[in-house]
Amino acid sequence: MLDTFKNSFFATLGVIALTQEKLQQLVDDLVRKGQITSEQGKVLLDEILSRGQNEGHAISQRLGDELARLAEKTPFATWKELRRLEDRVRSLEIRIGELQPAGESGGEAAFGEGIPPGGGAFPGGVTG
């Protein structure tokens, strides 16, 4: 989902750059034809770009709000939650190990057995 957002964002930046270039060409053509003065062209271009920037910020804000709303509804755990669960599992493994009589393995490997400390249940540990 993040890749889609990034791709859309960069595509939008490309469109904005292209639009600014086209607007500049349009204003230059109007000035060349004598339909507006150079100063009027500069004011017009600044006004259009300013409006576009304001609308871009509003769209970005709405998009951010929508992504936050969707993230709240998504049934996935956050990295913070995964780290907390990993710590709880490690703590429970220690407690289970303390409860077992010496020499008794319980017949099965412990949940985190073979995972290096800090290695977590994910390759490279849980990072975020």
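The values are calculated or read from the model by the stated rules, or taken from the named source; none is laboratory data. Since the structure is predicted, the reported quantities are computational estimates derived from the model, not experimental observations. Counting neighbours? That spans all protein chains shown, and the Cβs are built from the backbone with ideal geometry, glycine included.
Within region 43-61, if we keep just the residues that are small (Gly, Ala, Ser) and within 21 Å of the chain's Cα centre (by Cα), the residue that is surrounded by the fewest Cβ atoms within 10 Å (Cβ to Cβ) turns out to be ALA58.
Given the residues GLY112, GLY107, GLY124, GLY97, which is the only one that is modelled with pLDDT under 80 and surrounded by 10 or more Cβ atoms within 10 Å (Cβ to Cβ)? Just a single option satisfies the conditions, and that option is GLY112.
Residue by residue through region 19-42, note down the ones that are assigned to a helix (DSSP H, G or I) and loosely packed, with under 13 Cβ neighbours inside 10 Å. It would help to see each step written out before you state the result.
Residues of region 19-42 assigned to a helix (DSSP H, G or I): 19-32, 38-42.
Residues satisfying the conditions are GLU21, LYS22, GLN25, ASP29, ARG32, SER38, GLU39.
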